[in-house]
Amino acid sequence: MKKVLLASLMLSAAVVFSAPAQAVDSTGCGLGSMAWRGQSGIIPQLAAVTTNGTFGTQTFGITFGTSGCDPNGRVTGGTQKMVLAFLENNLEQFAMDAAAGQGETLTTLAGIMNMDEKTVAEKTYQNFAVLFPNENVDAVDVTLKFYQIMKA
Amino acid sequence: MNGHGWQFSRVCLYQNGQTLMKKIVLAVGFCFGLCRTAFAADTLADLPEWLALGHYQKGWFGYEGTIGSDNFYVSPEGKNNPLKELEATVTLFQSDDVEKKCLFPARYMFLKKHGLVSTPFPSCAEFEQFKEDLQPAGMTLLFTDAYMNNSSSLFGHTLLRVDTARKGTQLLAHGINYGAWTQGYENSFLYAVYGLAGFYPGGYTVKPYYDIINTYNNIENRDIWEYNLNLTSEELDLFVAHIWEVGQTTTPYYFFTQNCSYMLMELFDAVRPELNLAAGFKGQTIPLDTIKAVNAREGLVKSVNYRPSRQRKIRYRIKQMNERQYDAFLDAITLDLTETQNLPEDEKADVLETAYQYVQYQYVAGDLALKDYRQKSFQLLRARNQAAAGQKFDELKEGQNPVLSHDSMMVSLGVGVQNGDVFEQLSFRPAYHLVTDRGYGFLSGAEIDFLDVSFRHYDKHDKYVLDKLNVLQLSSFSPINAVFQAMSYRIGLDVSRQINPKSEDEGYVLNGNVGGGGTFALSDHFWFYGLSSVEAAYGGFLPNNQWFGAGLAAGMIVSFEKAALQAEVKKVFATDKIGSALKWHLTADYYFSRNQALETIFTYTQNYGKNQNEVLVRLKQYF
């Protein structure tokens, strides 16, 4: 009994000592590995979040994925690659901003495309139904449509 | 001086003694070039700039470099000898080893500044690509607040952001994170032990800032504070170059000392040695303390920006809803949009946008299946897109800056009466916060009470005693409402002096308890909670040495800007009579200032049919 209590005392102390630690996920980019971090916690609230690695690209509604992400974890490449990478990782926020016709993701995309922010906002807002025709669109569809709309 | 001079000469000879030509050059040019370098290096190696670039910290046996990777130190003795390291670095830049030279762009800047190198920095494709991707425009220190669901994030986290000059927004900037590579060990029993013992390697990762935002704001629901730094363009170049240098290294990660926040302090020092930040964190490094230290350096932080968590944004939006909007919102999140469609045209967008954010929150929390999530998201957004009028709600822009919170450590002095005996009490707590402490800047309802120790002197028998060592208490009170349902919990482990009311003996008892329950908020200021718990106690003083039990507690937390109060009643049903007790507890605090408070604690216990009571009044000083 004494040993068990001593051990538990040491363990609790260790848990606290470990407090300022912050684990890095070594799988690199994407949110998949980050999502699992919660499992090490007191209440694994995030345990139910699944990383879906079977999709070729990010589909609407999957925040977590590693596709299309630069292996160095950096914003890189030409305009089209950057737009795709950005949309893959920010699709939900973009969908929201597109539906409302304003927001940080639209400003960012305007920057990447070197376009006027207002034009980008208006065009995405008016073409929301084209960008998101149904709930199963993926980032590649959205990127291609986004390009078509911006060029029109 | 002499010894150093000799050592450097030896390096010179070694390096230049390879060819006859060089020998001649050495002999002739001895007092023109190389010798001057030797003299310069001797004094330059003691410069704070060089010491900080090499991450040297002065220990009991001289200098020691913090960085663990062998390849960070060019000289085999470089980890403990800044001079030899400088000599070896000078030699490196005289050599043809481009690959190795490319690892040290910041050291090159130092050598260049002090005339120790005359050749240009080589062309390094990877380093150039790094700078091209980052397009540095500034630096920002980031603080993410506590995450009570992960023991490694209880104290929050710090990381760096290299601001970008790219067109658009800082979403395209990059976060630089120092952390432990714990992959595969997260669920291990030894997780914490490994962390304490420095078994995990610590290393750096780079990620786009939008990824950081997603992780902290949207997945873990933590606020991000951005402290934009005031750096010259030379300092910025040096910072980025030095990140490149350390970015390739690993160092044993000590969770409590050489952790994420500590390493950032060494990075700051490397860029501006007079900041002398790392020296202030020899004992423990709490992330919030490092943020405060950086903010305390004059002129270092030029502006502050707040990025609230998704949950906080949703709460703020809900607060702005009128009654019919709130009703429509509750229906909208179950995909019944009838009420929303009946709203006045200019009230629809806010409801639909909030509902969409809430659905995302639910999905991440695991409360929603992917299929439902997609369907709901899509329909809410389509309806939002069709709403004729736009957003009217304010976005949450202001928060309680953690820099202005009370400090981490606390000492207190007080007097009290226990069952008629007068006593004086001295307490010390190295970390961190209780709900009765001034709440400004802390996560509401979150408690970490660590190694909180109290000593007492009793007047009647003139005796000094250790009264209590609170090894650890962790609590998270999180109000439940129709929208958010998080569990509240409390875990505690302490060693306490206890009086046996029957025999009037006293002794020490190790107490442990784990409890869970719910919290209900009447308003921001009045919270009520209920917890059920399992309890255990052990100690030679106890009849049968130990007892086990179950507890039921009900309490109230009242908090205002200047004062707070916690009242609780707890009934414990135990295997031994001495454990079975009814306890009343009240703590009331009044804050004089950020770091000073007056506290009154009243406890009343019924045990063995006898009553015990205690009142303590104490002054608390945080530091």
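The values are calculated or read from the model by the stated rules, or taken from the named source; none is laboratory data. On a predicted model such as this, the values are computed, not experimentally measured, just so you know. Here the Cβ positions follow ideal geometry from the backbone for every residue, glycine too, while neighbour counts run over all protein chains shown. Please note that ligands, DNA and RNA were not included when accessible areas were found on the heavy atoms of the full protein model with its side chains. Shrake-Rupley method; radii C 1.70, N 1.55, O 1.52, S 1.80 Å.
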Task: Selection within the range B:173-213 - outside any helix (DSSP H, G or I), of a type outside the set (A, V, I, L, M, F, W, C), more than 19 Å from the chain's Cα centre (by Cα) and modelled with pLDDT of 90 or more - done: B:HIS174, B:PRO208
Open item on the list: Take B:SER444 and tell me if it is within 30 Å of B:THR285 (Cβ to Cβ) and assigned by TED's automatic domain parsing to the domain that holds B:LYS610.
Closed with: yes
- [ ] State the number of residues belonging to the range B:220-239 that are crowded, with 23+ Cβ neighbours inside 10 Å and either in a helix (DSSP H, G or I) or not assigned by TED's automatic domain parsing to the domain that holds B:ASP133 (or both).
- [x] 1
Task: Those residues of the range B:153-172 which are outside any strand (DSSP E or B) and either under 15 Å from B:PHE130 (Cβ atoms) or over 9 Å from the mean Cα position of the chain (by Cα) (or both), in sequence order - done: B:ALA165, B:ARG166, B:LYS167, B:GLY168, B:THR169, B:GLN170, B:LEU171, B:LEU172
- [ ] Answer with yes or no whether B:TYR458 is aromatic (Phe, Trp, Tyr), at pLDDT 95 or above and surrounded by 14 or more Cβ atoms within 10 Å (Cβ to Cβ).
- [x] yes
Task: the range B:589-604, residues that are open to solvent by less than 30 Å² (accessible area, probe 1.4 Å) and either within 12 Å of B:GLY414 (Cβ to Cβ) or part of a strand (DSSP E or B) (or both) - done: B:ASP589, B:TYR591, B:ALA597, B:GLU599
TODO: Could you tell me whether the range A:76-94 includes any residue that is closer than 30 Å to B:ALA389 by Cβ, more than 7 Å from chain B (Cβ to nearest Cβ), at pLDDT 90 or above and assigned to a helix (DSSP H, G or I)?
DONE: yes
Task: Selection from the range A:108-145 of residues that are under 17 Å from the mean Cα position of the chain (by Cα) and open to solvent by less than 50 Å² (accessible area, probe 1.4 Å) - done: A:THR108, A:LEU109, A:VAL137, A:ASP138, A:ALA139, A:VAL142, A:THR143
Open item on the list: Which numbered condition in (1) in contact with a Phe, Trp or Tyr (Cβ under 8 Å, 6 or more places away or on another chain); (2) within 30 Å of B:HIS457 (Cβ to Cβ) is the only one that B:GLY414 fails?
Closed with: (1)
Task: Set B:VAL403, B:VAL417: member being open to solvent by 30 Å² or more (accessible area, probe 1.4 Å), at pLDDT 95 or above and of a type in the set (A, V, I, L, M) - done: B:VAL417
Open item on the list: Yes or no: the range B:321-336 includes at least one residue that is in contact with a Ser or Thr (Cβ under 6 Å, 6 or more places away or on another chain), modelled with pLDDT under 95 and either assigned by TED's automatic domain parsing to the domain that holds B:MET409 or of a type in the set (A, V, I, L, M, F, W, C) (or both).
Closed with: no
TODO: Kindly state which helices (runs of 4 or more DSSP H) lie completely within the range B:84-143 and contain at least 3 residues that are of a type in the set (Asp, Glu) and either open to solvent by 30 Å² or more (accessible area, probe 1.4 Å) or touching a residue at least 24 places away in the same chain (Cβ under 8 Å) (or both).
DONE: B:125-134
Open item on the list: Looking at the structure I just gave you, is B:GLY390 within 11 Å of chain A (Cβ to nearest Cβ) and either assigned to a strand (DSSP E or B) or open to solvent by 20 Å² or more (accessible area, probe 1.4 Å) (or both)?
Closed with: yes
